[in-house]
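Below is one structure, written out as structure tokens; the observations come after it.
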Amino acid sequence: MDRDVTAVSIGDHAPKFKVAGFDAVRGLFDTYSLVDYEGEYVLLFFYPGDFTYVCPTELVALAALKEQFAAIGVKVFVVSTDSKFSHKNWNEIELSKAIGGNYPFPMLSDTLGTIGSPYGIFRASEGTDLRGVVLIDKKSIVQLVYVNAPPIGRNPKEILRLAMALKENDDSGGRVIPACWMPGEDTIDPTFDNSGNMWNNYHGILEAKKEK
């Protein structure tokens, strides 16, 4: 079997973990525990491996959005099964050159698949994590999980948009987020009266979606 059976579903509490990692900004190895970030949004960005091909393009694109993630209060961690020593070496040899400075997000070492396994992201037969994304809310509830095939790189701008949408849903008291929503656009009140009346009450949103 390529992957462990997924044990975590959307709406479940995120499994706790405690793993080693490397912080290039502070220049040190550290231990990272999910419980230390309770009350904050947490993004886990899994990738197959250091010193590979698609992975550096993803990590560089993610690093370019560090200020936007910080602005909405999302703690970002990049995760692979590589050791903390490999993370340090990769930052020194390649990542720091690509982004013009040390890598901005802590790089966690999921060496035994402890973090990735419950989400179905760890591929046991190869001992690597897939290209997975997990978004956890301030109550430590899993709100998003998705996985790409290894050859297909992700768009971190879309991941940022999803994080912004989650925050908007929370901040608005539960208004729901339409397709292709961007910050500043209208959201939807999920009331009985709006069920089946979206054209009458939100025709502007429906028309806009046809244009995108």
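The values are calculated or read from the model by the stated rules, or taken from the named source; none is laboratory data. These numbers were taken from a predicted model, which means no experiment stands behind them. Heads up, the Cβs are rebuilt from the backbone with ideal geometry, glycines too, and the neighbour counts pull from every protein chain shown.
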> Can you name the residue in the range 153-193 that is in contact with a strand residue (DSSP E or B) (Cβ under 8 Å, 6 or more places away or on another chain) and among the small types (Gly, Ala, Ser) and, of all such residues, is nearest to residue 142 (Cα to Cα)?
Replying inline: 163
> Could you give every pair whose Cβ atoms fall below 6 Å, whose first residue belongs to the range 123-148 and is within 17 Å of residue 160 (Cβ to Cβ), and whose second residue is surrounded by 19 or more Cβ atoms within 10 Å (Cβ to Cβ) and modelled with pLDDT under 95, counting only separations of at least 6 or pairs across chains?
Replying inline: none
> Considering 54, 76, which residue is among the aliphatic types (A, V, I, L, M) and over 12 Å from the mean Cα position of the chain (by Cα)?
Replying inline: 54
>> Going by what's in this entry, would residue 66 be described as of a type outside the set (Val, Ile, Thr), touching a strand residue (DSSP E or B) at 6+ places or on another chain (Cβ under 9 Å) and loosely packed, with under 13 Cβ neighbours inside 10 Å?
In response: no
> Which number in (1) within 22 Å of residue 149 (Cβ to Cβ); (2) free of Cβ contacts under 8 Å to residues at least 12 places away in the same chain marks the one condition that residue 59 misses?
Replying inline: (2)
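If I ask for residues that are among the β-branched types (Val, Ile, Thr) and either under 23 Å from residue 85 (Cβ atoms) or without any contact (Cβ under 8 Å) to a residue 40 or more places away in the chain (or both), which ones from the range 26-45 would you list?
Keep residues of the range 26-45 that are among the β-branched types (Val, Ile, Thr), which gives 31, 35, 42.
Scanning the range 26-45 gives 31, 35.
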> Among strands (runs of 3 or more DSSP E) lying entirely in the range 95-212, which contain 1 or more residues that are charged (D, E, K, R)?
Replying inline: 131-136
>> Every residue in the range 62-92 that is out of contact with any Phe, Trp or Tyr (no Cβ under 7 Å at 6 or more places or on another chain) and not charged (D, E, K, R), please.
In response: 64, 65, 68, 69, 70, 71, 72, 81, 83, 85, 86, 89
>> If I ask for residues that are of a type in the set (A, V, I, L, M), touching a residue at least 12 places away in the same chain (Cβ under 8 Å) and surrounded by fewer than 21 Cβ atoms within 10 Å (Cβ to Cβ), which ones from the range 69-92 would you list?
In response: 72
> Got at least one residue in the range 69-85 being out of contact with any strand residue (DSSP E or B) (no Cβ under 9 Å at 6 or more places or on another chain) and under 25 Å from residue 161 (Cα atoms)?
Replying inline: yes
> Across the range 22-31, which residue is farthest from residue 101 (Cα to Cα) among those that are surrounded by fewer than 20 Cβ atoms within 10 Å (Cβ to Cβ) and not acidic (Asp, Glu)?
Replying inline: 31
> If you take the residues of the range 179-209 that are acidic (Asp, Glu) and surrounded by 10 or more Cβ atoms within 10 Å (Cβ to Cβ), which of them is farthest from residue 160 (Cα to Cα)?
Replying inline: 207
>> Could you go through the range 174-188 and let me know if any residue there is on the phi > 0 side of the Ramachandran plot and small (Gly, Ala, Ser).
In response: yes
> Based on what the data block shows, is residue 37 within 25 Å of residue 170 (Cβ to Cβ), in contact with a Gly (Cβ under 6 Å, 6 or more places away or on another chain) and either surrounded by 14 or more Cβ atoms within 10 Å (Cβ to Cβ) or modelled with pLDDT of 95 or more (or both)?
Replying inline: no
